Amino acid sequence: MIEETIFSKIIRRELPADIVYQDELVTAFRDIQPRRPTHVLIIPNTHIPTMDDVTTADEPVLGRMLSVAASIARDEGIADDGYRLMINCREHGRQEVMHIHMHLVGGADVGPMISG
Ligand code: DGP
């Protein structure tokens with residue numbers, strides 16, 4: 001069995017987190033190290049370690065992650081000015097937590113897409 005991460009415990013509410021949205025497919029909570037005024041992580045409730053593990057069977061949850069991100073952005077009042085969505089994958093993507101998560105970042109200019 002692939003080892004679960006701290007995010008599975010957040011989904012099951014065994015560890016504290018500022019959860020802003022949860023349904024049968026996804027959970028969204030505020031990042032512990034926010035890079036901008038709004039920094040929310042949207043994750044599948046099932047454990048998918050990396051984007052490289054995604055299959056066509058995951059399309060419903062991946063679509064839900066996007067629609068929930070758009071909805072949260074509107075709720076946060078950052079949609080008109082815009083925001084960035086990011087999913088990091090493995091070493092070169094600097095993925096730290098091996099449970100796929102989409103970063104929703106905004107509330108201020110997020111800078112160039114890739115620095116350096
Ligand atoms: P990434 O580099 O894409 O794997 O980003 C992982 C993010 O997860 C990072 O911005 C910090 C956040 N994070 C790590 N552990 C926790 C936690 O226990 N709670 C919350 N809310 N966020 C966490």
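The values are calculated or read from the model by the stated rules, or taken from the named source; none is laboratory data. No experiment lies behind these values; they were computed from the predicted model shown. Virtual Cβ from ideal backbone geometry, glycine too; neighbours counted across all protein chains shown. Areas reflect the complete protein model, heavy atoms only, side chains present, ligands, DNA and RNA absent. Shrake-Rupley method; radii C 1.70, N 1.55, O 1.52, S 1.80 Å.
Of the residues making up segment 1-12, at least one is over 12 Å from the mean Cα position of the chain (by Cα), aliphatic (A, V, I, L, M), farther than 27 Å from D109 by Cβ and at pLDDT below 95. Do the conditions hold for E91, that is, is it within 16 Å of the ligand (Cβ to nearest atom), loosely packed, with under 11 Cβ neighbours inside 10 Å and assigned to a helix (DSSP H, G or I)? Yes: the conditions hold for E91.
Scanning segment 95-103 for any residue that is farther than 18 Å from I48 by Cβ and either open to solvent by less than 100 Å² (accessible area, probe 1.4 Å) or within 14 Å of the ligand (Cβ to nearest atom) (or both) turns up nothing.
Looking across segment 3-37, the residues that are touching a residue at least 60 places away in the same chain (Cβ under 8 Å) and β-branched (V, I, T) come down to T5, I6. Could you please tell me which pairs satisfy a Cβ distance under 9 Å, a separation of 6+ or placement on different chains, a first residue in segment 93-106 that is closer than 15 Å to A70 by Cα, and a second residue that is of a type in the set (S, T, Y) and more than 6 Å from the ligand (Cβ to nearest atom)? Cβ pairs passing all conditions: L104/T38; L104/Y83; V105/T38; V105/Y83; G106/T38; G106/Y83. Among the residues of segment 39-61, those identified as within 16 Å of the ligand (Cβ to nearest atom) and either part of a helix (DSSP H, G or I) or over 19 Å from S8 (Cβ atoms) (or both) are H39, M51, D52, D53. Here S71 clears all of (1) out of contact with any strand residue (DSSP E or B) (no Cβ under 7 Å at 6 or more places or on another chain); (2) in a loop (DSSP other than H, G, I, E, B) except the condition numbered (2).
Residues in segment 1-38 that are more than 8 Å from the ligand (Cβ to nearest atom), closer than 14 Å to D75 by Cβ and open to solvent by 70 Å² or more (accessible area, probe 1.4 Å): Y21, P37.
Close Cβ contacts (under 7 Å, 6 or more residues apart or on different chains) running from residues in segment 43-71 that are more than 21 Å from Q22 (Cβ to Cβ) to residues that are part of a helix (DSSP H, G or I) and open to solvent by 70 Å² or more (accessible area, probe 1.4 Å) comprise T50/R90; D52/R90.
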